[in-house]
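The values are calculated or read from the model by the stated rules, or taken from the named source; none is laboratory data. What you see is a predicted model, and the numbers here were worked out from it, not measured in a lab. No Cβ is skipped: glycine too gets one built from the backbone with ideal geometry, and neighbour counts run over all protein chains shown. Keep in mind that these areas ignore ligands, DNA and RNA; they rest on the heavy atoms of the full protein, side chains included. Shrake-Rupley method; radii C 1.70, N 1.55, O 1.52, S 1.80 Å.
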Amino acid sequence: MRQNNSVRSGRFGRFFRIKKPILTAWIILSILLLSIFISCSHKNSASGAANTNGYLYQMFNSFDPRSLLQNLGNNIIPPLFANLETSRSALVTATNTFASTSCSSGNLNAAQAAWIAHIRDLKKVEPFRFGTTLSSFSKMDPFLIDYLAEAPPSSGDLDDLDAFDPSGDFLDAQTYIVGFDNDAKGIGAIEYLLFSRAGANRGTAPTCSDFTNAPNGRSALLRALVANYSVHAKNVTDAWKVSGTNPLGTQLATAGDGTSATFPTSGSALDAVFTGAVQLLTIMKDGKLEIPAGLSGGGNGSSPNTDRAEFRFSGQSFQSLIDNLSTFKAIYTGNGTGVGLKDYVKFYSPTLAGEIDAEIAELEIHLGNITPSVSPSDPSTAWGSSNTANFTAIKSSITDLSELLKILNTELAALTGSSPISGGPGGDGD
């Protein structure tokens with residue numbers, strides 16, 4: 001007998017109910033197998049399990065960086081540039097007071113203190129050389145561009161600074177430095193005049209006897225260098241000024257919404273932040289520790305290159321690293337005001353995020369164990385292998401920085417399917 005339609009329909013329904021879970025399972029298994037195949041063959045593969053995890057994150061999710069960018073652009077970065085502007089103004093006032101009158105040890109000490117306060121603020125904004133400020137940064141702080149070849153100002157540049165006419169006034173000094181390259185001016189040249197004697201006595205702390213022609217001679221040259229530096233520094237702080245026209249902080253916080261001239265997409269803004277962080281760690285490791293400690297290029301530290309230290313006349317080289325780290329930590333953790341780079345890392349690998357936390361904690365300890373170089377007495381006693389305690393802390397700090405760079409620039413890059421970032425000089429050397 002022919003079965004009626006209702007019987008056939010019931011059997012078909014039972015068949016479909018039985019086969020549907022099998023079909024669903026087969027589809028899911030196929031997707032998983034495909035993702036494993038693709039991730040394992042990725043050109044930046046780390047481990048199969050890690051890459052599968054990273055690939056699935058990209059396949060079914062996408063990290064939205066807007067909360068991170070808003071926290072950086074609204075809460076973390078602008079106050080750092082506001083501090084830089086305050087200390088810039090104080091540096092101009094202190095050096096003008098010192099250089100425009102007969103020298104007194106109190107005024108010299110005040111100018112030196114103002115310089116130290118300012119460079120501490122300067123080191124805290126080092127990763128944020130974005131957009132239109134890049135050129136100004138290279139004129140303010142040429143070390144960031146030239147550290148692989150020299151610590152500016154070079155010996156020849158120092159000779160040129162020493163050669164200024166002792167009778168020359170402020171206008172003469174301004175004319176004199178116009179022809180100088182960027183690396184002969186900037187914050188390092190100001191440090192030299194404030195913290196070192198000239199010529200054969202270079203490296204010895206100055207006294208009022210080195211400024212006997214004030215307000216002319218070396219005093220006039222100091223004022224001219226500070227005035228030149230101040231123009232570029234104010235260009236940078238104005239670009240981040242909250243009350244300014246379309247400040248960079250607002251552009252970072254609103255990246256991708258059509259109003260940001262510097263960051264057309266939130267992805268480009270995240271790339272700029274991440275690149276700045278990697279370049280900061282690279283310069284800390286290579287330029288601020290390995291090279292001056294005599295540990296680069298196979299060196300064992302027995303012959304430190306103290307003339308390559310970032311702030312070799314003021315003895316602020318190690319403090320510079322501590323200030324750099326404080327900003328990296330703020331970027332990474334979110335500084336208690338919101339989302340940080342850590343959230344980005346955790347999105348792909350909570351394990352890597354935990355490893356970075358541990359490395360930051362260790363680096364803080366190791367940098368704190370370094371006794372500052374009390375330059376310009378004998379900086380070699382603070383850098384080389386003859387100082388066992390310092391040398392151990394310096395090498396440990398280098399190891400910590402290397403591990404941070406490996407995690408951020410190799411292991412995380414493998415998970416996200418991105419290419420490693422060039423950690424070398426990231427500025428405009430023109």
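Some observations on this one:
- Sole exception among (1) out of contact with any Leu (no Cβ under 8 Å at 6 or more places or on another chain); (2) part of a helix (DSSP H, G or I); (3) closer than 25 Å to ARG308 by Cβ; (4) at pLDDT 95 or above for GLN174, by number: (3)
- Within region 331-376, the residues that satisfy the criterion of being farther than 22 Å from GLU411 by Cβ, touching a Gly at 6+ places or on another chain (Cβ under 9 Å) and surrounded by fewer than 22 Cβ atoms within 10 Å (Cβ to Cβ) are PRO372, VAL374, PRO376.
- When every residue of region 290-299 is checked against the conditions, none turns out to be among the charged types (D, E, K, R) and touching a Leu at 6+ places or on another chain (Cβ under 6 Å).
- Within the option set ARG312, ARG308, being among the charged types (D, E, K, R), more than 19 Å from the chain's Cα centre (by Cα) and closer than 26 Å to VAL125 by Cβ holds for one residue only, ARG312.
- Residues in region 383-412 that are under 19 Å from ILE365 (Cα atoms), open to solvent by less than 50 Å² (accessible area, probe 1.4 Å) and of a type outside the set (Gly, Ala, Ser): TRP383, ASN387, ASN390, PHE391, ILE394, ILE398, ASP400, LEU401, LEU404, LEU405.
- Output for region 111-165, where each listed residue is surrounded by 19 or more Cβ atoms within 10 Å (Cβ to Cβ) and of a type in the set (Asp, Glu): ASP121, GLU126, ASP141, ASP146, ASP157
- Residue count, region 284-303 (criterion: farther than 28 Å from LEU84 by Cα, of a type in the set (Gly, Ala, Ser) and open to solvent by less than 50 Å² (accessible area, probe 1.4 Å)): 5
- Of the residues examined, ASP210 is one that is surrounded by fewer than 23 Cβ atoms within 10 Å (Cβ to Cβ), of a type outside the set (Gly, Ala, Ser), in contact with a Lys or Arg (Cβ under 9 Å, 6 or more places away or on another chain) and more than 30 Å from LEU280 (Cβ to Cβ).
- Members of region 225-248 that are part of a helix (DSSP H, G or I) and in contact with a Phe, Trp or Tyr (Cβ under 6 Å, 6 or more places away or on another chain): THR237, TRP240, LEU248
- THR306 being modelled with pLDDT under 95, surrounded by fewer than 21 Cβ atoms within 10 Å (Cβ to Cβ) and of a type outside the set (A, V, I, L, M, F, W, C): no
- Where helices (runs of 4 or more DSSP H) sit wholly within region 26-109, those with at least 1 residues that are at pLDDT 95 or above and either among the charged types (D, E, K, R) or buried (at least 16 other Cβ atoms within 10 Å of the Cβ) (or both) occupy 66-71, 77-99.
- Check on THR392, out of contact with any Pro (no Cβ under 6 Å at 6 or more places or on another chain) and at pLDDT below 90: no
- Subset of region 177-192 [without any contact (Cβ under 8 Å) to a residue 24 or more places away in the chain and assigned to a helix (DSSP H, G or I)]: VAL178
- Residues of region 172-192 that are within 18 Å of ASP157 (Cβ to Cβ), open to solvent by 30 Å² or more (accessible area, probe 1.4 Å) and more than 30 Å from the chain's Cα centre (by Cα): GLN174, THR175, TYR176.
- Listed by first and then second residue, the pairs with beta-carbon distance under 6 Å, at least 6 apart or on different chains, first residue in region 193-208 and more than 17 Å from PRO153 (Cα to Cα), second part of a strand (DSSP E or B), are PRO206/ARG197.
- Residues that are open to solvent by less than 40 Å² (accessible area, probe 1.4 Å) and free of Cβ contacts under 8 Å to residues at least 24 places away in the same chain, drawn from region 226-258: GLY244
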